[in-house]
1. Suppose we filter Leu19, Leu47 for residues that are at pLDDT 90 or above and in contact with a Pro (Cβ under 8 Å, 6 or more places away or on another chain); which single one remains?
2. Looking only at the range 19-56, filter to residues that are touching a residue at least 40 places away in the same chain (Cβ under 8 Å) and within 16 Å of Gly72 (Cα to Cα); which one of those is nearest to the chain's Cα centre (by Cα)?
3. Hey, can you tell me all the residues within the range 1-53 that are in contact with an Asp or Glu (Cβ under 8 Å, 6 or more places away or on another chain) and among the polar types (S, T, N, Q)?
4. Quick one: which residue in Lys106, Lys67 is farther than 21 Å from Leu13 by Cβ, among the charged types (D, E, K, R) and modelled with pLDDT of 90 or more?
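The values are calculated or read from the model by the stated rules, or taken from the named source; none is laboratory data. A quick note: this is a predicted structure, and the numbers were derived from the prediction, not measured. Neighbour counts run over all protein chains shown; Cβ positions are idealised from the backbone, glycine included.
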Amino acid sequence: MALLDNAKDILPLSSIAELLNAKVRTLKIYEEKDLLPKKQKGSSKKLYSIDDIQHITFVHYLVSIKKINANGIRYILDILKDNMDENSRKEFFDIINKKMSGLSSKDVQEVTSLE
């Protein structure tokens, strides 16, 4: 049995925004554009898992650093989903997270709209 369940939904979007040094509104824009992991609508507050944070971090990287629009990001996410198994995706996100850890807040531009 694992000590930490990375798939358990525990963090609200506001906490994730704080971890990414992003605005909650920026992450809400990603959500409106269907770029974040889907969550059930039954609860009043959407919670995200540690695995979801990797996904959200990747989306934030593509928007704020690579300047890719919503359609391009959806295409990239579909390719990852359709062509990689769970372990390969995890390894891929680990590589991206390592790259992002070397970025400064100056490197990341805040997104106010996503066309």
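1. Exactly one residue qualifies, and that residue is Leu47.
2. Ile56
3. Within the range 1-53, Asn6, Thr26, Ser49 meet the criteria.
4. Lys67
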